[in-house]
There are 2 protein chains.
Amino acid sequence: MRIAQPSFSTRERILGVAEALFARHGFAGASLRQVTAAAKVNLAAVNYHFGSKESLIEEVFRRRLDELNRHRLAALAAVEATPGHALEDVLAAFIRPALEQSMDSAGGAAFVRVLARAYAEHDERLRKFLSDNYGHVLREFAAAFSRLLPGLDREELYWRLDIVAGALTYAMADFGMIKRRASTSEETHRELTAEHLIRFAAAGLRAPGPVANGEQRETGGAA
Amino acid sequence: MRIAQPSFSTRERILGVAEALFARHGFAGASLRQVTAAAKVNLAAVNYHFGSKESLIEEVFRRRLDELNRHRLAALAAVEATPGHALEDVLAAFIRPALEQSMDSAGGAAFVRVLARAYAEHDERLRKFLSDNYGHVLREFAAAFSRLLPGLDREELYWRLDIVAGALTYAMADFGMIKRRASTSEETHRELTAEHLIRFAAAGLRAPGPVANGEQRETGGAA
DNA sequence: GGGCCTGTCAAACGACCGTTTGAATGGTAG
DNA sequence: CTACCATTCAAACGGTCGTTTGACAGGCCC
């Protein structure tokens, strides 16, 4: 498993290797001994450069999340600057940077699994850290969506954006069981994923709002 | 943190507590000492009843997944037995049992986080185990959806079902950052989640298919 | 009764954990 | 050259890990 690249500094090698190993084995499952061995640095280097394992984990997060947020907001700004932009364009600005990062060559693929794991761990500290950063971006996108979907109230929009974020997170981590075809390249696969997500999400966001008390469709009595 | 109920057998107490602790701290993060202490059983009981920690993890999985599959297939059968059933009914058969289990009182909530974690771990053994069970159910649902969406080819349908599964998984784990309101009960929240998911997914599944080579909508050139 | 199986228990095993220490290293400024 | 500082290193620290062991208790059949 070649991970380390000797041309990078000790600090950067640790970050890259830690990202990969945290993704593969979890925060508790990947030890500093494994990390430092794979990065070909001394065991004490982690505590020297980062202070503790916990701080190393945070730094792994900050690096990638900042990058993702920058790309997303830049894409959103570009879209909003073009008059007559459509729902699909804003969705693309939200979805494409995430998928690109999730499949880039330099460990970004590992990071999304780290992210998914952090969600699953329900670690309140990391959760708050994520909410502080990610929440801000989400709110900007919510405003952009709101302008294109004037019929949707704020509550309903947030519900639907949350569903989009869920489907995207799932896709980023390559969780899917029926998708990946060996015959298609990573890049083609990413493009297909983006197109399907955008088309699906656009339809979902445009769905008619919840029916009021009157004529409700009958729901099967099963389960 | 009261978890154990003394009226259950040692084996069942271990399973329940392990599920909760694995969800909270991860497979590597939750130790057998924590599990056995919380379950008020001897440390050696895990190895006695399950053989190893790894086998305990598998058993935690099997128990809940079997239950979920049973509920889903029963709901699907009931829906399909009613003539004139709609897309929303099949979606409900897929979504509602999962959300119900994810919020039931006896540790089901913990399980979905365990499930999400297993996805994130990319552990091939667990992944195959999941694929063997879950894949079968997914195929049955795919057939049911296919009958209601005759215009969608098999490939396109699988893509969209994968998106639905992703959004559902995310919702089950209560990953969302903008949803939960303190003023609504768990049950109300679950019902709201189900309704939003079903409405969103129905619209997404009914979206027009991918445009052929001709008239393609222009996608913003950003990022 | 004696033999046997199931289940529980305290104690210990070696291995690995995150962190700390103090010495060695190498470049740079005075 | 000397003094200094950032960095690296091997070694060790106390602690927790999953697992194993052997003793012990109770129910059940012969």
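Checking each residue in the range B:29-48 for being open to solvent by 50 Å² or more (accessible area, probe 1.4 Å) and among the aliphatic types (A, V, I, L, M) picks out B:ALA37, B:LEU43, B:ALA44. If the requirement is being open to solvent by less than 10 Å² (accessible area, probe 1.4 Å) and either farther than 30 Å from B:GLU140 by Cβ or acidic (Asp, Glu) (or both), which of these qualifies: B:GLY26, B:GLY51? Going through B:GLY26, B:GLY51 in turn, just one is open to solvent by less than 10 Å² (accessible area, probe 1.4 Å) and either farther than 30 Å from B:GLU140 by Cβ or acidic (Asp, Glu) (or both): B:GLY26.
So in the range B:150-176, with the set limited to residues that are buried (at least 16 other Cβ atoms within 10 Å of the Cβ) and not in a helix (DSSP H, G or I), which one is modelled with the lowest pLDDT? By that ranking, first place goes to B:GLY176. Is it the case that some residue within the range A:61-73 is in contact with a Leu (Cβ under 9 Å, 6 or more places away or on another chain), within 15 Å of DNA strand C (Cβ to nearest atom) and away from chain B (no Cβ under 14 Å)? Checked the range A:61-73: no residue is in contact with a Leu (Cβ under 9 Å, 6 or more places away or on another chain), within 15 Å of DNA strand C (Cβ to nearest atom) and away from chain B (no Cβ under 14 Å). Scan the range B:76-96 and tell me whether some residue there is surrounded by fewer than 17 Cβ atoms within 10 Å (Cβ to Cβ), modelled with pLDDT of 85 or more, within 10 Å of chain A (Cβ to nearest Cβ) and within 16 Å of DNA strand D (Cβ to nearest atom). Among the residues of the range B:76-96, not one is surrounded by fewer than 17 Cβ atoms within 10 Å (Cβ to Cβ), modelled with pLDDT of 85 or more, within 10 Å of chain A (Cβ to nearest Cβ) and within 16 Å of DNA strand D (Cβ to nearest atom), which makes the answer no. Can you confirm whether B:GLY16 is out of contact with any Pro (no Cβ under 9 Å at 6 or more places or on another chain), part of a loop (DSSP other than H, G, I, E, B) and either open to solvent by 10 Å² or more (accessible area, probe 1.4 Å) or away from every other protein chain (no Cβ under 14 Å) (or both)? Considered against the rule, which asks whether it is out of contact with any Pro (no Cβ under 9 Å at 6 or more places or on another chain), part of a loop (DSSP other than H, G, I, E, B) and either open to solvent by 10 Å² or more (accessible area, probe 1.4 Å) or away from every other protein chain (no Cβ under 14 Å) (or both), B:GLY16 comes out as no. Residues in the range A:54-66 that are over 19 Å from the mean Cα position of the chain (by Cα) and open to solvent by less than 10 Å² (accessible area, probe 1.4 Å): A:LEU56 only.
The values are calculated or read from the model by the stated rules, or taken from the named source; none is laboratory data. Keep in mind the model is a prediction, meaning the values are calculated, not measured. Heads up, the Cβs are rebuilt from the backbone with ideal geometry, glycines too, and the neighbour counts pull from every protein chain shown. Please note that ligands, DNA and RNA were not included when accessible areas were found on the heavy atoms of the full protein model with its side chains. Shrake-Rupley method; radii C 1.70, N 1.55, O 1.52, S 1.80 Å.
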